[in-house]
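Have a look at the structure that comes next, please.
The values are calculated or read from the model by the stated rules, or taken from the named source; none is laboratory data. Computed from a predicted structure; not experimentally measured. Virtual Cβ from ideal backbone geometry, glycine too; neighbours counted across all protein chains shown.
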Amino acid sequence: MNKQIQFAIAALVLSLGLAIYGIIVFANAEKGRDLQSLQTQMSLVADSRAEAIEHWLQGQYAVLERSAQYPPLHRALAQTSESPDETARETLRDLLAVTAERMGFLSRQSTGYQPSRFEVGLEGSLAALDPQGRLLAATSGMPPIEGALADFLQRTPLTERGLLDLHRGAHERLTLGFLVPVVADTSGQEGSGGVIARLLALRPIDAGVFAILKQPGLAARTSETYVIRRSGNLIEYLSPLLDGSEPLTKRLAINTRDLIDVEALEQPGLFHQGRHYAFTESFAVSRRIPGTDWVLVHRIGAAEALAASDARRMTLISGLALLVVLIGAALVLVWFYATSRRVEEVAECYRLSSERFERLSGFLDILTDSQPNPILVVDASNHITYANRRLAELSGIARDELIGRSLTGVLGQDAGGFYGAINQRVLENGAPQVEIRHLSDEPGGERVWRSHHCPFTAATDAQEPAVLVTIEDLTDLMRERARRERNTQQLIDTLVGLVDERDPDSAHQSRYVVQVARAMAEDLGFDPPQVETTEQAARLVNIGKIRIPRSLLVKGGSLTDQELKRVREALDAGPELLRDIEFDGPVLETLAQINEWVDGSGRPRGLKGDEILPAAQVVALANAFVALISPRSFRDARSFDEAEAILMREIGRRFDKRFVLSLLNHLDNWGGREEWADMNRRS
């Protein structure tokens, strides 16, 4: 074998070795990017759950602090201090019982958890203490103020709120304690008031609280979120674990080797790799819970987290390795044929390959030219290296002339500069990016463009980095959506105007019902789509009156049974008038249920309890409240106190207790009486 052949073989082997090494380096880089993506996803979950827990804790404090500011509580405390008889203590206990019930409701409202009908409801214990720590009054279930409870009161400053950490309370139930000061009301006086008492709440922790830790949409088998704290030289697990361990039953030594929870306690906020409490390799992200000694840990098994990534990487390595081998084999064949008598056959093969490449290139041109959106490729200096036919049509520049032009020269200074900056960021971080841009139109309007920027390496000898850009014009879609929303709103306004015009006694009632219903929806923690649904249904609550003869609407006396039946049938059929209108939420379903009662005696379907949509219950209650406090031709308006008394009597029969309490809370504690005073006057 001559030296030339030996040199060629050595060069080929070296090239194959370098290619394989490059494949391995590329695969490791891919793994690093996958880990970075995993870290980002887990950080989002950890931040979301940590924020939810902090929100729940602040919600508990908020209920207590609102109660601490409640004037009747101040009067009851003063009465108990002045004459500590049983009547004063009973009044104080009743106020504490209402606050305890609110804390239990707040838990379920915040977490979305609803207990089953077989689950015993958890009631929080609440006590009022004087500044010296002596018990003034308490709800049932409050343990004696001694031991750890007395130590907690002693070490908490009198003017500050405090948290009694998770522990086993009465009947071995998991319990949290909340402490807030009651400051004397000094309205109209100089100086700040002193602490006249403190409110202590012991709240049993139910499954609804731990449900906060569960992130909706996560399907990973080994994914879990739990809370830990340090207790001496031990790590305590405060929440249920995936291995079945109950809260406060698992403890591990703080010096356990390679345990991710040790690092989480020492350096919360980082991405951790190691073993979890069951000593399985895992990845985790930790976050400290403000105001507590807790650290939240969101973890997933390493094998499951990287399963798809490893499979993809092995497929990639196998495919690239096979490609390298095939290229090497092709090189050997080329070299063999180049040094043999069949050079012409090899040349023919190359010619055929070139033709296939040209056909493929033509096919790609046809494919991109058939797209309705501009597609272009720009290099690192933001000059166009490829453009499809649609970009040439929009720019008014011939396709061949687009090649080599700058983005600003084709799209203008504003859009070209904006997209050029995005392309530079994409080339720097190597990650695709999607942007929505609002541009000024020539007639003074606005255009909306959505662009996709994807980095890749151009097929040139220099292997230059480039960015593939596609631009979608969303202007017509956005305008059509806005037009449809305006038309729907105008139709609703027209229908509401017709109703108010037909019934003089109900003029402005729809607007008033909207105000009350929206205030209740926001107080109850409805999400934005639920608030929007509630508001639209409130505007249309009396739509059925269109089918009621005006003589019945303005009749001064009582209606006969036949007339009352006709009115009810018209109101129940109201939603049918709107069946061809598309709403974003369940507006029609809400309107169809506003005459349902929680005890099942309503109409038209006899729904009861939680079978009735929350939005329907809010709208029905708001409509009834506005009707009570509004004057009519045959009676004067009811006072707010009379309306409250009537609605309280309807609890459990017509209305759910939590909705009535929400309305009364807004009236008495959040300025509802002043805000809605105009509803109580005759227009």
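Which of the residues spanning the stretch 142-176 are more than 17 Å from PRO240 (Cα to Cα) and part of a helix (DSSP H, G or I)? If you could, list the steps in order and put the result at the bottom.
At the first step, the residues of the stretch 142-176 found to be more than 17 Å from PRO240 (Cα to Cα) are 142-164, 169-171.
Result: ALA148, LEU149, ALA150, ASP151, PHE152, LEU153, GLN154, ARG155, ALA170, HIS171.
If you don't mind, there's one more thing I want to ask. Quick check on the stretch 474-483. Is at least one of its residues exposed (fewer than 13 other Cβ atoms within 10 Å of the Cβ), of a type in the set (Lys, Arg) and at pLDDT below 75? Walk me through how you get there before you give the answer.
Going through the stretch 474-483, the residues exposed (fewer than 13 other Cβ atoms within 10 Å of the Cβ) turn out to be 476-477, 480-483.
Retained after the next criterion (residues that are of a type in the set (Lys, Arg)): 481, 483.
Narrowing further to those that are at pLDDT below 75: 481.
Yes, the conditions are met somewhere in the stretch 474-483.
For the stretch 259-278: of the residues being aliphatic (A, V, I, L, M) and in a loop (DSSP other than H, G, I, E, B), which is surrounded by the most Cβ atoms within 10 Å (Cβ to Cβ)? Can you show your working first?
To start, the set of residues in the stretch 259-278 that are aliphatic (A, V, I, L, M) comprises 259-260, 262, 264-265, 270, 278.
This time we only want the ones that are in a loop (DSSP other than H, G, I, E, B), so: 270, 278.
Values: LEU270: 15, ALA278: 13.
Only one residue tops the list, namely LEU270.
LEU407 fails exactly one of the following numbered conditions: (1) in contact with a Ser or Thr (Cβ under 8 Å, 6 or more places away or on another chain); (2) touching a residue at least 24 places away in the same chain (Cβ under 8 Å). What is the number of that condition?
Unmet condition: (1).
Turning to a different aspect of this structure: Looking only at the stretch 178-197, decide whether some residue is in a loop (DSSP other than H, G, I, E, B) and in contact with a Phe, Trp or Tyr (Cβ under 8 Å, 6 or more places away or on another chain).
Going residue by residue through the stretch 178-197, those that are in a loop (DSSP other than H, G, I, E, B) are 184-194.
Filter again for in contact with a Phe, Trp or Tyr (Cβ under 8 Å, 6 or more places away or on another chain), leaving none.
Taking every residue of the stretch 178-197 in turn, none turns out to be in a loop (DSSP other than H, G, I, E, B) and in contact with a Phe, Trp or Tyr (Cβ under 8 Å, 6 or more places away or on another chain).
Kindly indicate whether LEU77 is of a type in the set (A, V, I, L, M, F, W, C) and either under 26 Å from VAL285 (Cα atoms) or surrounded by fewer than 17 Cβ atoms within 10 Å (Cβ to Cβ) (or both). I'd like the intermediate steps shown before the answer.
Numbers: of a type in the set (A, V, I, L, M, F, W, C): yes; either under 26 Å from VAL285 (Cα atoms) or surrounded by fewer than 17 Cβ atoms within 10 Å (Cβ to Cβ) (or both): no.
No; evaluated as a whole, the condition is false for this residue.
Please find, within the stretch 279-289, the residue that is farthest from the chain's Cα centre (by Cα) out of those that are within 17 Å of LEU242 (Cα to Cα) and not in a strand (DSSP E or B).
It comes out as PHE279.
A further question on this structure: For residues in the stretch 427-447 being within 18 Å of GLY417 (Cβ to Cβ) and either aliphatic (A, V, I, L, M) or not assigned by TED's automatic domain parsing to the domain that holds PRO465 (or both), which is modelled with the highest pLDDT?
LEU427
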